[in-house]
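Visitor: One structure, pasted below without further comment.
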Amino acid sequence: MTDPLAIFPLGLTFEAFTDIDFWTSVGIFAGIYTIFALGLQLNVGFTGIQNFGQAGFMAIGAYSMAILTAEEGMNFWLSLPISILITIAFGLIVGLPSLRLRADYFAIATIAFAEAIRLIALNARDLTNGAQGIFGFDDSWDSISESIEDFIIDLGWTDVPGLFPLFLVTWGIAVLMMFSLTRVQGTPWGRVLRAVREDEDAARALGKNAFSYKLQSLAIAASIGAVAGWLLAIQLAFVVPDEFQPIVTFIGYVVLVLGGLANYWGVAVGAIILWTVLEGLRFLELPISETKIAALRFIIVGLVLIGLMAFRPQGVFGKREEMVLGD
Amino acid sequence: MEAGTLGPGQERTMGERFAHALNRFSEAPYVVKAGIGIFLLDLVLVLADRRPDSVGEWVLLLAIFAATVAAMVPLERRPAATAAVVLANVVAILILYHGLHEVSQRGINGLSLGAIYALGAVGLTLVYGILKLVNFAHGDFLTFGAYMAYLVNVTWELPLVFGLAFAVLTTALLGIGLEKVMWGPMRGRGAGMLQLLLMAIGLAFVIRYGIQFVWGTELRQLNVNRTDTVNFLDLRVGRTQLIVIIVGFVTLIATGLMLRMTLLGKRMRALSDDLDLAETSGIDTSRVILYTWLFAAGLAGLAGVFAGAITQLQPELGFELLLPIFAAVVLGGIGNAFGALTAGIVLGVVIEWSTLIVAPGLKLAVGFVILIIVLIIRPEGIFGHARTV
Amino acid sequence: MTEAPIFEAEGIEKSFGGIRAVNGATMDVKRGSITALIGPNGAGKTTFFNLITGFYRPDRGRARFDGREVQGRPPYVIARFGMVRTFQITKALAAMPVIDNMMLAAPDQPGESLRNVLFRPLAWRKREQEVHEQAIELLDVFNLTRLADHYAGTLSGGQRKLLELARALMAQPRFLLLDEPMAGINPTLGRRLLDHMQRLRAEDGVTFLFIEHDMEVVMNHSDRVIVMAEGRVIAEGEPQAVRSDRAVIDAYLGGAGHGGIE
């Protein structure tokens, strides 16, 4: 799989540009990546830990929900909190030994963890059904989705896109998360996190258990990743290992720096910009093949990332004073 | 999970208790740690494979275990020797279960992979050590090299030797060019580690999808002999694979000699140890940095051609090799070229050996698990020297 | 009146790669004293600080603060005991406003626990109010009030030094360890700082141990002096007595090769 963002069949015609179904779907992906990158923002922007394993946590959240529901027959709604707990447990297992490492070692250790998870998901066929993936975990969601749809129809909008309920729920969760994370960031707890980001030793000398805060930050980010994992699973209606490649984390970082560091609302802006540009590019009438257009999209993403890091490392909406990259 | 507001003497959280227990363990006598570690390793190996089914096998296993622990005792604080003993232990168990022939056969298969890892890792570690750049685009240098060889070898229909030379040359030029337009200026501005890392990820995207733009996603093959095999001592090795092993090892030895013997090599290693110190001692750092890119990218190009020759070309060829190469860099101790070289070869062989026990699809996961374990036990790597705090 | 010392260290040792940085340092710090820790460069003073505040783990030796063992404990626990340190190279939290730097240091803030933040959102607001007032008061003392909302990274070197000291005081220490507090700040501010130390000792009974190179400050403002050389304590006592101690003079002449105590 060379284009993990290829969420739609290629070769959409220009008519799709005004198609509300298409843009609803794009909106859902922007929402999922917003949620995904909120976890990165908590880690990178507010705690100073460079988590490159977020795709792994997303995978654990999605897989544990899907396995519990589709294979163990657990109630869908019960599987959600349990999958969160499982992901937090993994966050702690990863964090306990590796959060003591230097920042660059931590980055490599977490990306290795995420890849190990993906390879295990690909090979542990009894549990994960390998590359075929898991289906049939979303019946409960479908009935909820239909009630939401009926409700909207009752309000007078008759041609509701089928994915619109998921769009609402995804962005509802995203906004709720941005709001609560911003609130929590303003508490003394959030202040300690920022102190740890600035200088761990200074925080420790003032009586703060820096390690515990980093662990909390990672565990929360992991659980946020799990939520993004559920939504991705529901959107696709299946869970396969290929959806959790390291590139997903990289794209999360692009969203993060586009929106700016140390700013939760910026993450949503970053995700919306990225997805609008990526999907809007489909409608350029270029005389080249679709593979080339797909490649072109990523070349642009890469150039944007290089340009941002070179000329605006605090991101589009980040504060220069709170810039955490340059130094 | 409880934040740190409890007063002194009050209860500790689970996490803290666990961390405390880990600390306690890390202070235990060396032999105890080594003994427990090897015991667990043996247990995993044996349980993952099959249980010993005769008294003779049990006795042999215990003897291997005891010999390993005994060999560890005089090796305290010599991690490379320790790793060698542990490795010997693992090999002994594998031979016991699968026979010498099978272990040697997979070992040979691992040598070609190991040569590729080592060629990639030497450059990556020098760049990492000298420029403090965690170059996530290094894997895509390999891909670039492979496609350059494809251009010459398949599109222009010239012998692969020319393709190889062209690949090494163009990849080296790519490395130097990027240093001139990107890394040099960014260093001048005092860019931070994460900033450079993300920039490297952006660059990786540009190279990888630039290749995809030109050549598409379909699998492509270099024009090499894929069927002939060479037999010796009852072992079989593909002709191309053998060439990769021989040329790879010759290049690695030459690189090692260059780093050890020549003034340039010594300067590279000095810089890799401490850029500021080297600068004050009057080394022309910008020149050495350019040569470092020349070597790092050139070797990456070569490794890419090798990888393309024994497998197939696709735009993610190099990226898929990047993490094991990183593993070799960390195992060897960041900035330590000899360490990366050795660790790369060993890792290639060990990963192949692991297919004796786990599904082949999991062999890379084994590499990552080894990486994580080593990071936890000894972050400075097996060949790295412990830095003072 | 013989009170138990507030801090005792016994035979503290630490080696780095075969070099003994601290080699059996033993010392007492009297309760309520202002004690200077002096010694030639490389004597192991800063390493000693790092060892007794938990930043390094001693190879050997014991340290007790107010009856409690501190060696081997993590720094944050030691700080919560009331044994707070500053750093030789200032550690201002650059991307945080000065006021946040200050408020961070306050102990007993229930709002630093995630559980309280999530489930008792009002519990910490009152404490936050108190902390804010204290912070402003202290900033006043150090002439930093007008900078309260500036990012700490924009402060001058001297201002950062003051901020770090004020921040350490916010932690309500009973025993304050200062690593070269006067270095890099102008004499007027330095005097203010010393006056403040005297006042804190008189009013709150805070004990001070500070590393200092300026002999005039040491002689005039400390009531005890401990001298380290080559990783050990070679003398301790009243400033005047230490000044004429033969071993001390030798250490300075031998260690630094010039200068000495004048």
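Visitor: Does segment C:138-148 include one or more residues that are out of contact with any Leu (no Cβ under 7 Å at 6 or more places or on another chain) and of a type in the set (S, T, Y)? Break it down into steps so the answer makes sense when it comes.
Guide: Residues of segment C:138-148 out of contact with any Leu (no Cβ under 7 Å at 6 or more places or on another chain): C:139-141, C:143, C:146.
In the following step, the residues that additionally are of a type in the set (S, T, Y) were identified as none.
Checking segment C:138-148: not a single residue is out of contact with any Leu (no Cβ under 7 Å at 6 or more places or on another chain) and of a type in the set (S, T, Y).
Visitor: Out of the helices (runs of 4 or more DSSP H) lying entirely within segment A:228-327, which hold 2 or more residues that are away from every other protein chain (no Cβ under 11 Å)? Give the steps one after another, and end with the answer.
Guide: On the way: elements: A:246-259, A:264-280, A:290-311.
In segment A:228-327, the matching helices (runs of 4 or more DSSP H) lie at A:246-259, A:264-280.
Visitor: Report whether or not C:I6 is touching an Asp or Glu at 6+ places or on another chain (Cβ under 6 Å) and either touching a residue at least 12 places away in the same chain (Cβ under 8 Å) or charged (D, E, K, R) (or both). Talk me through it step by step, then tell me what you get.
Guide: On the way: touching an Asp or Glu at 6+ places or on another chain (Cβ under 6 Å): yes; either touching a residue at least 12 places away in the same chain (Cβ under 8 Å) or charged (D, E, K, R) (or both): yes.
Spelling it out, C:I6 is indeed touching an Asp or Glu at 6+ places or on another chain (Cβ under 6 Å) and either touching a residue at least 12 places away in the same chain (Cβ under 8 Å) or charged (D, E, K, R) (or both).
Visitor: Looking at segment A:64-101, which of its residues are more than 25 Å from A:V196 (Cα to Cα), not charged (D, E, K, R) and not in a helix (DSSP H, G or I)?
Guide: Correct list: A:G73, A:M74, A:N75.
Visitor: Within segment B:377-385, can one find any residue that is touching a Pro at 6+ places or on another chain (Cβ under 7 Å) and either part of a helix (DSSP H, G or I) or within 13 Å of chain A (Cβ to nearest Cβ) (or both)? Give the steps one after another, and end with the answer.
Guide: To start, the set of residues in segment B:377-385 that are touching a Pro at 6+ places or on another chain (Cβ under 7 Å) comprises B:378, B:382.
Next cut, either part of a helix (DSSP H, G or I) or within 13 Å of chain A (Cβ to nearest Cβ) (or both) only: B:378.
For segment B:377-385, residues touching a Pro at 6+ places or on another chain (Cβ under 7 Å) and either part of a helix (DSSP H, G or I) or within 13 Å of chain A (Cβ to nearest Cβ) (or both): present.
Visitor: Now, a different point. Check B:V244 against each of (1) crowded, with 18+ Cβ neighbours inside 10 Å; (2) within 22 Å of B:V181 (Cβ to Cβ) and name the one condition it does not meet.
Guide: All conditions are met except number (2).
Visitor: So which of C:A135, C:A183 ends up being under 19 Å from A:P188 (Cα atoms) and surrounded by 15 or more Cβ atoms within 10 Å (Cβ to Cβ)? Explain how you work it out, then say what you get.
Guide: On the way: C:A183 fails: under 19 Å from A:P188 (Cα atoms).
Within the list C:A135, C:A183, the selection yields C:A135.
Visitor: Scan (1) within 13 Å of another protein chain (Cβ to nearest Cβ); (2) buried (at least 21 other Cβ atoms within 10 Å of the Cβ); (3) part of a loop (DSSP other than H, G, I, E, B); (4) not charged (D, E, K, R) for the single condition B:L222 breaks and write down its number.
Guide: (1)
Visitor: Of A:A121, A:A131, A:A114, which residue is in contact with an Asp or Glu (Cβ under 8 Å, 6 or more places away or on another chain), under 28 Å from A:T249 (Cβ atoms) and within 14 Å of another protein chain (Cβ to nearest Cβ)? Show your work before the answer.
Guide: Numbers: A:A121 fails: in contact with an Asp or Glu (Cβ under 8 Å, 6 or more places away or on another chain); A:A114 fails: in contact with an Asp or Glu (Cβ under 8 Å, 6 or more places away or on another chain).
Answer to the check: A:A131.
Visitor: Within segment C:224-240, can you find the residues that are touching a Lys or Arg at 6+ places or on another chain (Cβ under 7 Å) and among the aliphatic types (A, V, I, L, M)?
Guide: Passing the criteria: only C:M228.
Visitor: Turning to a different aspect of this structure: Looking at C:R243, C:R199, C:R167, C:R191, which one is in the same structural domain as C:L51 (by TED's automatic domain parsing) and buried (at least 17 other Cβ atoms within 10 Å of the Cβ)? So that I can check it myself, show each step before the final result.
Guide: Values: C:R199 fails: buried (at least 17 other Cβ atoms within 10 Å of the Cβ); C:R167 fails: in the same structural domain as C:L51 (by TED's automatic domain parsing); C:R191 fails: buried (at least 17 other Cβ atoms within 10 Å of the Cβ).
Result: C:R243 is the single residue among C:R243, C:R199, C:R167, C:R191 that is in the same structural domain as C:L51 (by TED's automatic domain parsing) and buried (at least 17 other Cβ atoms within 10 Å of the Cβ).
Visitor: Which condition from (1) surrounded by 17 or more Cβ atoms within 10 Å (Cβ to Cβ); (2) polar (S, T, N, Q); (3) at pLDDT 85 or above is the one that B:N336 breaks?
Guide: With respect to (1) surrounded by 17 or more Cβ atoms within 10 Å (Cβ to Cβ); (2) polar (S, T, N, Q); (3) at pLDDT 85 or above, B:N336 is out only on (3).
Visitor: Among the candidates A:I117, A:I134, A:I111, A:I60, which residue alone is surrounded by 21 or more Cβ atoms within 10 Å (Cβ to Cβ) and touching a strand residue (DSSP E or B) at 6+ places or on another chain (Cβ under 7 Å)? Step through it out loud before you land on a result.
Guide: On the way: A:I117 fails: touching a strand residue (DSSP E or B) at 6+ places or on another chain (Cβ under 7 Å); A:I111 fails: touching a strand residue (DSSP E or B) at 6+ places or on another chain (Cβ under 7 Å); A:I60 fails: touching a strand residue (DSSP E or B) at 6+ places or on another chain (Cβ under 7 Å).
Answer to the selection: A:I134.
Visitor: Checking the conditions here, which among A:V184, A:V192 is crowded, with 24+ Cβ neighbours inside 10 Å and either of a type in the set (K, R) or in a helix (DSSP H, G or I) (or both)?
Guide: A:V192
Visitor: Give the residues of segment C:74-99 that are in contact with a strand residue (DSSP E or B) (Cβ under 8 Å, 6 or more places away or on another chain), free of Cβ contacts under 8 Å to residues at least 60 places away in the same chain and either within 7 Å of chain A (Cβ to nearest Cβ) or under 15 Å from C:A183 (Cβ atoms) (or both), sorted by residue number.
Guide: Passing the criteria: C:A94, C:A95, C:M96.
Visitor: In the list C:L122, C:L104, C:L114, which residue meets the criterion of being without any contact (Cβ under 8 Å) to a residue 24 or more places away in the chain and at the interface with chain A (Cβ under 7 Å from one of its Cβ atoms)? It would help to see each step written out before you state the result.
Guide: Working: C:L122 fails: at the interface with chain A (Cβ under 7 Å from one of its Cβ atoms); C:L104 fails: without any contact (Cβ under 8 Å) to a residue 24 or more places away in the chain.
Exactly one of C:L122, C:L104, C:L114 is without any contact (Cβ under 8 Å) to a residue 24 or more places away in the chain and at the interface with chain A (Cβ under 7 Å from one of its Cβ atoms), namely C:L114.
Visitor: Quick one: A:W141 ticks every box in (1) within 14 Å of chain B (Cβ to nearest Cβ); (2) in a helix (DSSP H, G or I) bar one, so which box is it?
Guide: If we test A:W141 against (1) within 14 Å of chain B (Cβ to nearest Cβ); (2) in a helix (DSSP H, G or I), just (1) comes out false.
Visitor: Follow-up question, since we're still on this one. Checking C:R192 against (1) assigned to a loop (DSSP other than H, G, I, E, B); (2) under 30 Å from A:R191 (Cβ atoms); (3) modelled with pLDDT under 85, which test does it fail?
Guide: The one condition C:R192 does not meet is (1).
Visitor: While we're on this one: Condition first: surrounded by fewer than 24 Cβ atoms within 10 Å (Cβ to Cβ) and in a helix (DSSP H, G or I). Now tell me which residues in segment C:96-110 satisfy that.
Guide: C:I99, C:D100, C:M103, C:P110
Visitor: Identify, by number, the condition in (1) among the hydroxyl-bearing types (S, T, Y); (2) within 14 Å of chain A (Cβ to nearest Cβ); (3) part of a helix (DSSP H, G or I); (4) surrounded by fewer than 17 Cβ atoms within 10 Å (Cβ to Cβ) that B:T217 doesn't meet.
Guide: Condition (3) is where B:T217 drops out.
Visitor: Right, something else. With the structure loaded, tell me whether B:L198 is buried (at least 19 other Cβ atoms within 10 Å of the Cβ), within 14 Å of chain A (Cβ to nearest Cβ) and either of a type in the set (D, E) or in a helix (DSSP H, G or I) (or both) or whether it fails that test.
Guide: Numbers: buried (at least 19 other Cβ atoms within 10 Å of the Cβ): yes; within 14 Å of chain A (Cβ to nearest Cβ): yes; either of a type in the set (D, E) or in a helix (DSSP H, G or I) (or both): yes.
Answer is yes for this residue.
The values are calculated or read from the model by the stated rules, or taken from the named source; none is laboratory data. Note that this is a predicted model, so its numbers are computed, not measured. In this analysis, Cβ positions are derived from the backbone assuming ideal geometry, glycine residues included, and neighbour counts consider all displayed protein chains.
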